[in-house]
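Engineer: Before I ask anything, here is the structure I am working with.
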Amino acid sequence: MPVPTTCWECSTRCGALATLEDGAVAKVGPNPDHPGSKGAFCVKGIRGMRELTDHPNRLVRPMRRRGERGAGAWEEIGWDAALDTVADRLLEVREAHGPLSLIGAVSSAFFSRGAMVALLMRALGSPNWLMNQDLCGGCRALSDKLTGLSAIGGEDIDNTRCALIVGRNPSAADAVQWQALKRARANGARTVVIDPARTPAAKNADLWLRPRPGTDAAVALGMVNVTIAERLHDADFVARWCHGFDALKERAARYTPAEASGLSGVPADDIVQAARMYADGPSTFVSGHGIDAFSAGVQTFRAFHALVAISGNLDRAGGNLRVKRPKGFRNYIELLHDPAFRLPPETEARTIGRERFPLWAGPEGWQTACHNPTAIEAILTGEPYPVRAMYLSGVNIAVTYPDTRKTVAALRSLDFLSVVSHSMTPTAALADIVLPKTTGLEEEEISLDMSGPCVSYTRPVVAARGMARSDFEIATDLADRLEARGIAARKFLPWRTKREFNAFLLGDNGISFDELEEKGYARFPYELGNFEAAGFRTPTGKIELRSETLARLGLDPLPDFVPPRAERAAPAVRRDYPLILLTGAREKAYHHSRYRDHGWARKVSPYPRLQVHPETAAALDLAADDWVEVETPDADGACALRVSVTEDTAPGVVRTGMGWWLPEAPGPDFGAFSVNINAAMSYGGPWDPVTGSADTRGLLCRVRPLPAGTPPPIA
Ligand SMILES: Nc1nc2c(c(=O)[nH]1)N[C@H]1C(S)=C(S)[C@@H](COP(=O)(O)OP(=O)(O)OC[C@H]3O[C@@H](n4cnc5c(=O)[nH]c(N)nc54)[C@H](O)[C@@H]3O)O[C@H]1N2
Ligand SMILES: Nc1nc2c(c(=O)[nH]1)N[C@H]1C(S)=C(S)[C@@H](COP(=O)(O)OP(=O)(O)OC[C@H]3O[C@@H](n4cnc5c(=O)[nH]c(N)nc54)[C@H](O)[C@@H]3O)O[C@H]1N2
Ligand code: SF4
Ligand SMILES: [Mo]
């Protein structure tokens, strides 16, 4: 009998069924009963989770560095020795430079590991931790919060008449969305896609808008303009629940279809058509990384979020549903906002990056985490204060942060680095201590699934391999050691077992672990459109089309178009770097930097690729499968990629993925300087004024064939 669980290889968290044979996991597949994923699943869930767990490269014992940092010499040690070393070394650095000299690093606060890293840092008295969200969904999250929607993850595709898909490639990035879109289309829903690339969603769309990269805010404001001018908006909803409609109307008046067309390259008629199709709702806004993680991300999202609000598509069947949760339930980021687990405001006010990005970092910040590039700089320069030791789990920043050379230099310069990891990544290779962690098949986790909505349960289906432990166990074991050394760490990590922790998150709402174990999920009652009761968490208590928070900070309170960086560059720079680079195109077989040592994935996708339009390829004399080098203006590295010639990308726009490294190449960098696109990018500004996000696309670049005789990095 297969056992129900939840795949946690990505934040989609599909319902899964695991089949056991002789105590090992023989198969992982979809759970068709799961109310959120409804049987959707992907190859990463089928192959990735299992092979990660059983892989011969898996780290299963704590290890201590021998010799030089990064030399690749390790000795296996026991947990006591490992955790004593981590506790002692962190406290040594704390003693020498103060608590703020300690910094955590983790992927996000979508999984328990994020909360564990942040709470451990707080237990040590430091508010500093790095997370990926400035590079990921941070602009969407902040726009959602500033606008007061509270609608992340609530795309009700199954009940929609029109899905507006912007900067999202669901066929590769989200199995649940992709399957729901196919069902919706079969039921007669229409799709409007805004993407410079011809994605599978664009190929199937009723209307495909291809803006120049980074110009989406102009398209969105053009749609707002048409919606208001043609009185397609929901006047009752606006009157009752929205603040600043007249100001938005005035702002949008500038963005006539003709004006928006000039700014974005999208034909004016298409902007009008898109607005009319979207207005014929209920419609759902499906957004992605293509309009996030760039220096005008929040304003771009604010423009689309304004469109969602004025059209009355918030929390309506077929629209964008607000976050529902069972009574008392809290997710990881909410836990981090609980006053019981916070440091004094004067300490949090010193979080690195808070001065410039107060809505991101520090006591008022939604992420609470540092501004990453400022923190990397602090490690290297000691300004505004020394940052000398890092505790990192579940993130591979030597590959996934822009400016690989700088990130690696920062990691190398630390007095102490401990890394919790499944395998020897380019980040783990620079550690002093590496701790082995459990996988999603070995550990219990609960999570809120907005598309159910339901609470999903990840079940430990097999025993932890070797000596691997969960992030929870490692963090609480460390907290005990800190207590023994006189630090009141358990206040921040008071739970004894992960079950106790999960019960704390679950709250007192009648959902039992018995139910979760039996089905893998639990539904709960909820109500749509309960605006009176639920309210809007903004200064005016309404949806803020005009953001009073942004106004208070001296930022533009209304959504606006900011010309993309590439279009603002000096003519000489544009001459030297004549192409536009998009990074981050998701590949089905990889999750960021993961699975690069899995045979199945490398078989599907053996090389890092650069998509080049046939016209561009002809102009540059490039042919399919040539190896080329990509460079951008502000970085001191380059990235080697193999050319694919395709009309899926626009002329003059080259497109690649992210996350490449080569576990088989020599360490400690394992190819992170040669085939990793972040080696060719800068993490310096311009940054989004709210989230501090750097541009991960829309970058100027140049492409040249690798010099004759240069051996390609991959045979
Ligand atoms: N298989 C797989 N799935 C994943 C991941 C993975 O690594 N592998 N990662 C997960 C994570 S953490 C994330 S954040 C998501 C990311 O997944 P998505 O949100 O789909 O993001 P991307 O694939 O980066 O980009 C989406 C689309 O944005 C387009 N785009 C680029 N620039 C622009 C622009 O200026 N305007 C517009 N409108 N579009 C633009 C790209 O061409 C692309 O088609 O995927 C998640 N799912
Ligand atoms: N240039 C550029 N850079 C980008 C992006 C881009 O589009 N362009 N995208 C950004 C985005 S959206 C993101 S989210 C970040 C991602 O950046 P990362 O979070 O660094 O990427 P991952 O490779 O997913 O995670 C790294 C480590 O997580 C560990 N890990 C922890 N838990 C698990 C687990 O349960 N299963 C598995 N398999 N591994 C686990 C693995 O050891 C793995 O090495 O990268 C960002 N960087
Ligand atoms: S989309 Fe794939 S990797 Fe993500 S949770 Fe679902 S099966 Fe797992
Ligand atoms: Mo992401």
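Engineer: Condition check: in a helix (DSSP H, G or I), under 27 Å from the mean Cα position of the chain (by Cα), surrounded by fewer than 23 Cβ atoms within 10 Å (Cβ to Cβ) and of a type in the set (Lys, Arg). Does residue 481 satisfy that?
Structural biologist: So residue 481 fails the test.
Engineer: Further question on the same structure: Taking the range 1-27, which residues are away from ligand 2 (no atom under 13 Å from the Cβ) and assigned to a loop (DSSP other than H, G, I, E, B)?
Structural biologist: 1, 2, 14, 22, 23
Engineer: Give 125, 104, 114 a once-over and let me know the one that is modelled with pLDDT of 95 or more, surrounded by fewer than 24 Cβ atoms within 10 Å (Cβ to Cβ) and either away from ligand 3 (no atom under 16 Å from the Cβ) or assigned to a helix (DSSP H, G or I) (or both).
Structural biologist: Matching residue, one of 125, 104, 114: 125.
Engineer: Another question about this same structure. Which of the following residues is farther than 25 Å from residue 590 by Cα, more than 16 Å from ligand 1 (Cβ to nearest atom), exposed (fewer than 14 other Cβ atoms within 10 Å of the Cβ) and not small (Gly, Ala, Ser): 33, 80?
Structural biologist: 80
Engineer: Now, a different point. Hey, any hits in the range 39-57 for a residue that's away from ligand 2 (no atom under 16 Å from the Cβ) and among the charged types (D, E, K, R)?
Structural biologist: No: zero hits.
Engineer: Mind counting the residues in the range 262-297 that are within 16 Å of ligand 3 (Cβ to nearest atom) and free of Cβ contacts under 8 Å to residues at least 24 places away in the same chain?
Structural biologist: Residues meeting the conditions: 0.
Engineer: Please work out if residue 104 is within 20 Å of the chain's Cα centre (by Cα) and within 30 Å of residue 536 (Cβ to Cβ).
Structural biologist: No; evaluated as a whole, the condition is false for this residue.
Engineer: Residue 629 fails exactly one of the following numbered conditions: (1) away from ligand 3 (no atom under 16 Å from the Cβ); (2) of a type in the set (D, E, K, R); (3) part of a loop (DSSP other than H, G, I, E, B); (4) buried (at least 18 other Cβ atoms within 10 Å of the Cβ). What is the number of that condition?
Structural biologist: Among (1) away from ligand 3 (no atom under 16 Å from the Cβ); (2) of a type in the set (D, E, K, R); (3) part of a loop (DSSP other than H, G, I, E, B); (4) buried (at least 18 other Cβ atoms within 10 Å of the Cβ), residue 629 violates only (3).
Engineer: Now for a different question. Would you kindly identify the strands (runs of 3 or more DSSP E) lying entirely within the range 371-436 that contain at least 2 residues that are more than 18 Å from residue 92 (Cα to Cα)?
Structural biologist: Those strands (runs of 3 or more DSSP E) span 416-421, 433-436.
Engineer: Please go through the range 602-626 and pick out each residue that is among the hydrophobic types (A, V, I, L, M, F, W, C), touching a residue at least 24 places away in the same chain (Cβ under 8 Å) and either over 14 Å from residue 654 (Cα atoms) or part of a loop (DSSP other than H, G, I, E, B) (or both).
Structural biologist: Within the range 602-626, 604, 622 qualify.
Condition check ((1) part of a helix (DSSP H, G or I); (2) touching a His at 6+ places or on another chain (Cβ under 7 Å)) across all residues:
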| position | (1), (2) |
| --- | --- |
| 151 | no, no |
| 163 | no, no |
| 205 | no, no |
| 227 | yes, yes |
| 236 | yes, no |
| 240 | yes, no |
| 247 | yes, no |
| 250 | yes, no |
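Engineer: Please verify whether the range 140-154 includes one or more residues that are surrounded by 24 or more Cβ atoms within 10 Å (Cβ to Cβ), within 22 Å of residue 593 (Cα to Cα) and within 13 Å of ligand 1 (Cβ to nearest atom).
Structural biologist: No, there is no match, as no residue in the range 140-154 is surrounded by 24 or more Cβ atoms within 10 Å (Cβ to Cβ), within 22 Å of residue 593 (Cα to Cα) and within 13 Å of ligand 1 (Cβ to nearest atom).
Engineer: Any residue at all in the range 176-189 that is small (Gly, Ala, Ser), surrounded by fewer than 21 Cβ atoms within 10 Å (Cβ to Cβ) and not in a helix (DSSP H, G or I)?
Structural biologist: Checking the range 176-189: at least one residue is small (Gly, Ala, Ser), surrounded by fewer than 21 Cβ atoms within 10 Å (Cβ to Cβ) and not in a helix (DSSP H, G or I).
Engineer: Restricting to the range 170-188, count the residues that are within 21 Å of the chain's Cα centre (by Cα) and either at pLDDT below 95 or of a type in the set (Gly, Ala, Ser) (or both).
Structural biologist: 4
The values are calculated or read from the model by the stated rules, or taken from the named source; none is laboratory data. Here the structure is a predicted model, which is why all the values come from computation and not from measurement. Ideal geometry is used to build each Cβ from the backbone, glycine not excepted, and the neighbour counts take in all protein chains shown.
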